[in-house]
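The next block holds one structure in the form of structure tokens; read it before the comments.
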Amino acid sequence: MAEAIAGSVHDGDTVAIEGFTHLISFAAGHEIIRQHKRDLTLARLTPDLIYDQMVGAGVARKLIFSWLGNPGVGGLHAVRRVTEGASASLELEEYSHFGMVGRYTAGAMNLPFFPLRSYFETDLPVANPLIRPIRSPYGDDLVYAVPPLEPDVAIIHAQRADEQGNTQIWGLLGCQKEAAFAAQRVIVVVEELVSEDVIRADPNRTVIPGLIVEAVVVEPFGAHPSYAQGHYDRDNRFYIEWDAISRDADLLEQWLDEWVYGVAGRAEYRDKLGDERLDALRPGSSPSGSVDYGDYR
Amino acid sequence: MSPPEPVEAADFSASEMMIVAAARELAGRHVCFVGVGLPNIAVNLAKLTVATDLELVYEAGVFGARPARLPLSIGDPTIVTRATAVTSMFELFGFYLQGGLIDVGFLGAAQIDRFGNINSTVIGDYAHPTTRLPGSGGACEIAINAREVFVIMRQSRRSFVQRIDFRTSPGNLGGADGARIRREQGWLGAGPSVVITDLGVYHFDAGGVMRLDSLHPGVTLEDVQGKMAWQPAVADRLIETAPPTAEELRLVRDVLDTEGIYTR
């Protein structure tokens, strides 16, 4: 991980660690903090705890997002500290969820904009002048447009990939595919490295092809406290505990010292969490049925 | 059939009344976009009571969810296992929502005005807000594209305001013109139809203005007027919301929110 982040993430880059609740690469976020990256523009639909931690650690200059919160718990207090009141210092560029998905989609498809029927009669285009109305070339219909987003780096956590970076995901898909195809460089972090045969046995499940992947990192529990469907549950206890930690700048600093700067990497973080905590997150089993692709020669 | 066992007002919380009232409003609806928190419980309660064929859609990219537990977040793994379909967010927002397949979308709000316009972005000035709220998420597109919108929120003078500080999600805009603007701009959604609070239930009149139709048990019209910044339109026949039945309370407490996270 250290090598992948050092090689692909540079000060001033636009970085997208995507994943909607599911498969958020906390391992990569923590490594970026450990390497003291600076002036990053962080893009994500839902900044979540990982960007609260990264903003708290001082790596970010700007957020591009659509929903800023700790789902089911409350606010992101490190972000709030630098976005509220007269001393607001973090730049914000905000959209709606579909606007963000549209931005990645336009970026992935080399299009100048993405049209959508959101934003009518709202203050969002005032708050963010990059959201602009356009007329349909085929009639009088008005729609809104958002510009392409092409991150310098997209970091995607997944259940499995092969050595070439052919990556398979199941469960919530979010907009990882769109973000990856939009990005200049893609780092894939996986629970499990598998052989090419495993990927080829189920090609419908491949979300990201190795063609666009720069680095594959194997990091079991790399999404904790987010989750990996079928591997481990979301650690809701941590999401609830984070509220008190992030409300207090000193507590947050102590937490970073203990859980980010104080560990060499994810393996040490896992050991520190302990088997009991991790085992309690393992779900029961609910296997998919299998399909027959047929053998054609 | 014997009438439902009566339940005293002291025996249920304001949140439980909100959940039950919201669930009942879902009778006859088929496809519902579920939000985090109270809407999540309300929709799951409706599916167990008044709308058993309800299809639960989660913005995270799930159609036809069958959650086996009440998730803290709306992206919980339980919404995936045994769902009808998992989609990318592109498909969910593009094909299902903007394509017009969602009957009801639930929204919460930090501020709402009499026309059902909603703020969930900032309190105060946008550049230097006193409170930075989460922002739109999917709310702005739900407000525009869902066939109708249910709002569920607590009522106070700070939340039921004359002028919202920021319009995140359009309601009935300036009133009667709202429907015309929605039509002319090709929106599929008709806007907000119900607002459920801890005090009562509102619908909207032909002019797009919120009208108090029902007071929860133990709540007076004066209580309501004291917790909003405008004089509400009141239905000719203002009724009392039927209290939760014993069965509704059992489902909320023993099945849906066993830890009382949202209902206490």
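Values computed for the structure shown
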quantity: Euclidean distance of C-alpha centroids, the stretch A:144-219 and the stretch A:229-255, integer Å; calculated: 26
quantity: Inter-centroid distance (Cα atoms) of the stretch A:1-64 relative to the stretch A:94-130, Å; calculated: 22
quantity: Paramagnetic reach from B:GLU184 (point 7 Å along Cα→Cβ, amide N under 14 Å) across the stretch A:118-145; calculated: A:121, A:140-142
quantity: Rounded if a/c under 1.5, otherwise prolate or oblate - chain A, Cα gyration tensor axes; calculated: oblate
quantity: The stretch A:104-239, dipole about Cα centre (Lys/Arg Cβ +1, Asp/Glu Cβ -1), debye to the nearest 20; calculated: 320
quantity: Cα-projected label distance for A:LEU251 with B:ILE261, points at 7 Å along beta-carbon direction, nm; calculated: 1.9
quantity: Protection-proxy order for peptides A:18-27, B:55-64, each taking the mean of Cβ atoms within 10 Å per residue, highest first; calculated: A:18-27, B:55-64
quantity: Helix-only CD estimate at 222 nm, as mean residue ellipticity for chain A, using -39500 (n - 2.57) per DSSP H run (n ≥ 4); calculated: -8000 deg cm²/dmol
quantity: Qualifying lysines (Cα of each under 24 Å from Cα of A:LYS177; at least 8 residues distant if same chain); calculated: A:LYS62
quantity: Eligible aspartates and glutamates near B:LYS227 by straight Cα distance, threshold 15 Å, same-chain separation 8 or greater; calculated: B:ASP113, B:ASP198
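Bear in mind that the values in this text are calculations on the coordinates, not laboratory data. In this text, all values refer to a predicted model and were calculated from it rather than measured experimentally. Ideal geometry is used to build each Cβ from the backbone, glycine not excepted, and the neighbour counts take in all protein chains shown.
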